[in-house]
Protein chains: 2
Amino acid sequence: MLKANQDYLKLPGSYLFSTVAKKQREYQEANPDRKVIRLSIGDVTQPIAPAIIKALHEAVDEMGTEEGFHGYAPDLGYEFLRNAVAENDYKARGCEVSPDEVFISDGAKGDCGNIQEIFDKDCRIAVCDPVYPVYVDTNVMAGRTGVYDEKSGVWSDVIYMPCTAENGFTPELPGQKPDIIYLCFPNNPTGASITKESLQKWVDYANENGAVIIYDAAYEAYISEAGLPHSIYECEGARNCAIEIHSFSKNAGFTGLRLGYTVIPRELKAGDTALHALWARRHGTKYNGAPYIVQKAGLAVYSDEGKAQLKEQIAYYMKNASDIREGLKAMGYEVYGGVNAPYIWLKTPGNLSSWDFFDRLLENAGVVGTPGSGFGPSGEHYFRLTAFGSRENTAEALKRIKEM
Amino acid sequence: MLKANQDYLKLPGSYLFSTVAKKQREYQEANPDRKVIRLSIGDVTQPIAPAIIKALHEAVDEMGTEEGFHGYAPDLGYEFLRNAVAENDYKARGCEVSPDEVFISDGAKGDCGNIQEIFDKDCRIAVCDPVYPVYVDTNVMAGRTGVYDEKSGVWSDVIYMPCTAENGFTPELPGQKPDIIYLCFPNNPTGASITKESLQKWVDYANENGAVIIYDAAYEAYISEAGLPHSIYECEGARNCAIEIHSFSKNAGFTGLRLGYTVIPRELKAGDTALHALWARRHGTKYNGAPYIVQKAGLAVYSDEGKAQLKEQIAYYMKNASDIREGLKAMGYEVYGGVNAPYIWLKTPGNLSSWDFFDRLLENAGVVGTPGSGFGPSGEHYFRLTAFGSRENTAEALKRIKEM
């Protein structure tokens, strides 16, 4: 009998950001004269850097000629980009990652969502709480998470690792044994970072317990303090237990260009099975490569010009982060993040619920943020603001919050 | 316990086209002076049309400005493109498809591979034999196909619908009842087309039996004869039983740009579940939209200039198809396809196996094609050539085949 995937139907309500967008739309319709400032979703706003624009134009010109035309890309991505990634993001940091362990894709969201597919349905996942919803939702859709308790917002078969002010927003090692551990540092949504020593503990734990870590490094370019790991492969033994996922969205403004990559070391196994081969099979069967012109744009990210321009772009956003952080502090808010990450995580005043604070901020300041509870139960009474707005909007938002 | 997806491990050997590429590489290394001509995989070779190149440049310029910058695309694709699709590919053909039933994606291969995910694992699939390997392989990876018999190349839980010279390469209605039926017309690999009357029979069958048809229309632009359906929605009742998948790869040379779309009518259901909502959920959770610049390029496909240029491009490839078809016929080959499709499907001479003919063609003519048996058991003793080469290479290939 024709039947829908019943696991899809388990997903409660609509996606967090859809609800946020809906509330924003309703407010805007009711208040047409008030400009809403959106510091909610993690979309960047600054134009693509000139070095990347130049590379795009050049690649487009190539595609219009017989000699320069490029059809299907190689399954794992073009060698020029895989080489640049291995050289700049790994070798230069003393990490051992070879180009053929780098899988170029159309972005980290897809990779984060699809990676669970190469594992057995009975594998148990552990996630930080709060957490980027894609990790959990894609496992729900695969039937891996058990039963949902609407009241607590908790799935019966997911191991939650609370991240709160008490533990500095870095999780403790889990009490129950997971098979797959999702970690993201610098963290979305809390903006927390992790030290190399702490990350090493996770690598050791995974190796001792036969677990795999899926390490989301989408925000590594925002690390400003020395001594913090930019890659999990800076830790000893990580090649035996870790998959790392990278994005070009936040370090280079590619949210609308779509480019990312995933690293799977050759020696990483589940039982006797090399995970590299499984992911290669997925790429070969369900994916057809990132566009040539976008991969050329990715290459420009690693050029001297590109690096210099992107350093400025990140500094621009991090000035916003620091303005929000210091501004809110001066107003008496309890604020976290914003130092090594483009996210500011604040405690709601007067122990307001996250959604109550969302409504108050929208109604009184015309500012949209993201309710912490949308990222998981431990996000309740917290709230996320992003540093990805323009300087003017960020300043105006702070002014309005101060006045409210 | 950490365990790999066991269904992935059921996939036999390597992907068809990888084996073809490997044999080609080995031959080229052994014969460095002989230029190998590749008429195997369905990759196009002509440069992107000027109207599309222009649109790409303009969109790239936009991305470099504060006002023109585009971040994350809307989940279902930009309205401008969904409107153009609904208008040109449907309304103009008298089909009822609204823009919000069009899901823009990064290509038909991904959609063909991912669409099975919205159905229950126990749904039974039916495929033509021979068939585009992605339909079967992605169902294998989802655990939907039972046990593989290596000798016959057949999966125990798949319903095969043989397409041979005897039935004009259009399948009979299946003896067993399927839940999901994959159809592709004009067909890859056989190059066969289907009449509207025959397709209507399939639509009626699906509606009577509660099955869904996944209709792959990737090659519809190559239809040259009047009266053949360009879309399954030309058939009455198709909105209640059919999903249609389109590509920009073959009609507009987008193999290296990546753009496609899938149509799911609002009324299409599996039991009580609207499939439109499930696919929207998949898009929202595991995908982040096709690049803005590529969607703008897609829009240019529907401009007057774009249409005129692409008509010429298709005519170029179809001249190749006709040259191959007539050339081989004159040499005494039994040849099919090549009239409404860019594929030529030939019977191997002397009842040679497909792989034996592959080896003979490579060794004696330095020409690479695709063994029919790679597309399924009924493809044995057949062979596929594509019309996507350059005019010069196509002529040279024919000359060499004649001399061999």
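No value in this document is a laboratory result; all are computed from the given coordinates. Worth saying up front: this structure is predicted, and the values here are computed from it rather than measured. Backbone-built Cβ (ideal geometry, glycine too); neighbour counts: all protein chains shown.
What the table below lists for this structure:
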{"quantity": "Other-copy label distances relative to B:Glu26, 7 angstrom Cα-Cβ extension, nm", "calculated": "6.5"}
{"quantity": "Choice from A:Pro377, A:Pro189, A:Pro12 with maximal GNM fluctuation in chain A (Cα, 10 Å cutoff)", "calculated": "A:Pro12"}
{"quantity": "Residue-wise HN-Hα coupling along segment A:207-220, computed from phi with Karplus coefficients 6.51, -1.76, 1.60 (Hz; x: Gly, Pro)", "calculated": "5, 5, 9, x, 9, 10, 9, 9, 9, 8, 9, 4, 10, 4"}
{"quantity": "Per-pair calculated FRET efficiency, R0 = 45 Å: B:Asn88 and B:Lys201 via Cβ, rounded to 0.05", "calculated": "0.95"}
{"quantity": "Using a Förster distance of 35 Å, the FRET efficiency for B:Tyr27-A:Lys311 (Cβ separation, nearest 0.05)", "calculated": "0.15"}
{"quantity": "A:Glu234, B:Glu403, B:Glu79, A:Glu117 arranged by Cβ crowding within 10 Å, fewest neighbours leading", "calculated": "B:Glu403, B:Glu79, A:Glu234, A:Glu117"}
{"quantity": "Two-site label geometry, B:Asp157 and B:Ala226: point separation in nm, points 7 Å out along Cα→Cβ", "calculated": "4.8"}
{"quantity": "Phi to ³J(HN,Hα) by Karplus 6.51 cos²θ - 1.76 cosθ + 1.60 over segment B:54-67, Hz, x for Gly, Pro", "calculated": "4, 4, 5, 4, 4, 5, 4, 4, 4, 4, x, 10, 5, 6"}
{"quantity": "Mean ellipticity per residue at 222 nm, deg cm²/dmol - from DSSP H runs of n ≥ 4 across chain B, formula -39500 (n - 2.57)", "calculated": "-11000 deg cm²/dmol"}
{"quantity": "C-alpha center-to-center spacing [segment A:1-45, segment B:179-236] in angstrom", "calculated": "36"}
{"quantity": "Teacher prompt: A:Val147 distances to equivalent labels in other copies, 7 Å Cα→Cβ, nm", "calculated": "3.5"}
{"quantity": "Segment A:151-167-segment B:257-327 distance, computed between alpha-carbon centres (Å)", "calculated": "42"}
{"quantity": "Residues whose placed amide H lies under 5 Å from that of B:Ala270, excluding near-sequence neighbours", "calculated": "B:Leu275"}
{"quantity": "Calculated log₁₀ intensity ratio I(q)/I(0) where the Debye formula runs over C-alpha points of segment A:53-303, q = 0.08, 0.11 Å⁻¹", "calculated": "-0.31, -0.58"}
{"quantity": "Distance (nanometres) between label positions extended 7 Å along Cα→Cβ at A:Ala330 and A:Arg400", "calculated": "1.9"}
{"quantity": "Neighbour net charge for B:Val203 - beta-carbon separation under 13 angstrom, K R +1, D E -1", "calculated": "-3"}
{"quantity": "Per-copy distances of the B:Leu9 label point, shortest first, in nm (7 angstrom along Cα→Cβ)", "calculated": "3.2"}
{"quantity": "Kirkwood Rh, angstrom, the protein assembly as shown [1 / mean 1/r, Cα pairs]", "calculated": "27.6"}
{"quantity": "Separation in nanometres of the label points that stand 7 Å from Cα toward Cβ, at A:Phe80 and B:Arg266", "calculated": "4.7"}
{"quantity": "Set of aspartates and glutamates near B:Lys121 by C-alpha distance (under 16 Å), chain-local residues within fewer than 8 positions excluded", "calculated": "A:Asp7, A:Glu117, A:Asp120, A:Asp122, B:Asp7, B:Asp137, B:Asp157, B:Asp179"}
{"quantity": "Residue order, fewest to most surrounding Cβ atoms within 10 angstrom, among A:Trp155, B:Trp345, B:Trp202", "calculated": "A:Trp155, B:Trp202, B:Trp345"}
